[in-house]
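The values are calculated or read from the model by the stated rules, or taken from the named source; none is laboratory data. Only a predicted model underlies this, so the values are computations on that prediction, with no experimental measurement involved. Cβ: placed from backbone, ideal geometry, glycine included. Neighbour counts: every protein chain shown. The area values use the complete protein model at the heavy-atom level, side chains included, leaving out ligands, DNA and RNA. Shrake-Rupley method; radii C 1.70, N 1.55, O 1.52, S 1.80 Å.
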Amino acid sequence: AADQFDGAPQAQVLHDGLAFDVRPMDRAAARAALGLPGDVVVCAVLGRISVWKGQDVLIRALAEEPAADIVALVCGAAWPGEERRERELRELSGRLGVGGRVRLLGFRDDLDVILGAADAVVVPSTHPDPLPNAALEAAAAGRCVVAAAHGGLTEIVRDGETGLLVEPGDPAALAAALGGLDRATAARLGAAAADDVVERFAPERLLDATSALYESLA
């Protein structure tokens, strides 16, 4: 967001604070609620279905990574009038032969269930996303975030330490990252993410920074 002002000193970045604390449901209970087996790696993508959010990149990545033990949850609905986007994802899944490994769940308000079932949350944005709440909330909940390496995602995820960054719009790169992500690795990165993000994006930090900015301008 600040880069568009070419380094002008008036452009200052105040990162969002975490809006609320998500407590994931117990893994076994969450998977039972969604009808998912316990022995697969589950990755979820959260948000409106759109070209920008890159749900198709994840589906193409599954086709690149033929392992049957990786399942994707696509959680979100298309904007009104763009319902064709969801149909296109279903058609793409079928055409690539991964329809059985992609669950299009539509809009969900039970984030605790989705995060409880997921080993990782994928944020494959095709354009630079300023600071996606989906990534912040997933990381704070202790889920490994696998994200496109541009925009604010590079400020949320520390590659190899609290999550994984991959080349934007590259299904093969995303497939390689997911293919090497076993449950133990995902749990380790997710635990590190929770400690890191909860501190760096604490609401108190946002309030203090905002107050300091107002005082400096006054």
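Observations, loosely collected:
- Number of positions in segment 89-111 that are of a type outside the set (A, V, I, L, M, F, W, C), part of a helix (DSSP H, G or I) and surrounded by 17 or more Cβ atoms within 10 Å (Cβ to Cβ): 2
- Every listed requirement among (1) in a helix (DSSP H, G or I); (2) polar (S, T, N, Q); (3) surrounded by 14 or more Cβ atoms within 10 Å (Cβ to Cβ) is met by Thr210 save one, (3).
- Condition met for Leu14 (modelled with pLDDT under 95 and crowded, with 17+ Cβ neighbours inside 10 Å): no
- Residue ID - most open to solvent (accessible area, probe 1.4 Å), chosen from residues in segment 17-29 that are more than 21 Å from Gly76 (Cα to Cα) and part of a loop (DSSP other than H, G, I, E, B): Asp26
- Single unsatisfied condition, Glu199 versus (1) under 16 Å from the mean Cα position of the chain (by Cα); (2) at pLDDT below 95; (3) open to solvent by 50 Å² or more (accessible area, probe 1.4 Å); (4) not small (Gly, Ala, Ser): (1)
- Every residue from segment 105-124 that is closer than 21 Å to Ala176 by Cβ and over 9 Å from the mean Cα position of the chain (by Cα): Ala118, Asp119
- Counted residues, segment 30-82 - those being surrounded by 13 or more Cβ atoms within 10 Å (Cβ to Cβ), small (Gly, Ala, Ser), out of contact with any Gly (no Cβ under 6 Å at 6 or more places or on another chain) and touching a residue at least 24 places away in the same chain (Cβ under 8 Å): 8
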